[in-house]
Amino acid sequence: MFKTDSIARRILGWKLNRWDRWYDYEMGTFIHESDFQPEHNLDHAMVIVERLKKFGFSFSSDGVSEASFNDIRGTGDTLSQAITNAAYTIIEKNSVVESTRLWNQLC
């Protein structure tokens, strides 16, 4: 759930409305956590792909268990898991960069 929540909030821009759902301001709808399972549902994972494409990432895949956004690669038992893992890696890398910038400003 942690990966899914991070992706929903940081990549898709959804706001946490309650402990078990997000709100999508663009669509004006609530999304319950059981209605967004990108690790298990390829259609949900493709929502992530489309959003990252809008941000300028290019997507490639071996079609089975590996997904790449530019030079960031993710693997999994399924393509949906690989997409989710690659997207989460993007979040992790950006968090490190943001933390480094913050520490540089503070020190």
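The values are calculated or read from the model by the stated rules, or taken from the named source; none is laboratory data. What you see is a predicted model; the values in this text were computed from it and never measured. For neighbour counting, all protein chains shown are included, and Cβ atoms are generated from backbone atoms with ideal geometry for every residue, glycine included. Quick note on the areas: whole protein, heavy atoms, side chains included, nothing else; ligands and nucleic acids left out. Shrake-Rupley method; radii C 1.70, N 1.55, O 1.52, S 1.80 Å.
Numbers for the structure displayed
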read-out: Near pairs, Cβ below 6 angstrom, 6+ apart or cross-chain, from the range 58-85 (of a type outside the set (Gly, Ala, Ser) and open to solvent by 40 Å² or more (accessible area, probe 1.4 Å)) to any residue that is at pLDDT 95 or above and part of a helix (DSSP H, G or I); value: Phe59/Val49; Glu66/Ala82; Thr75/Ala82
read-out: Selected residue (criterion: farthest from Glu92 (Cα to Cα)) from residues of the range 1-54 that are assigned to a loop (DSSP other than H, G, I, E, B) and either in contact with a Leu (Cβ under 8 Å, 6 or more places away or on another chain) or of a type in the set (Asp, Glu) (or both); value: Glu26
read-out: So Met27, is it open to solvent by 40 Å² or more (accessible area, probe 1.4 Å), touching a residue at least 24 places away in the same chain (Cβ under 8 Å) and within 16 Å of Gly13 (Cα to Cα); value: no
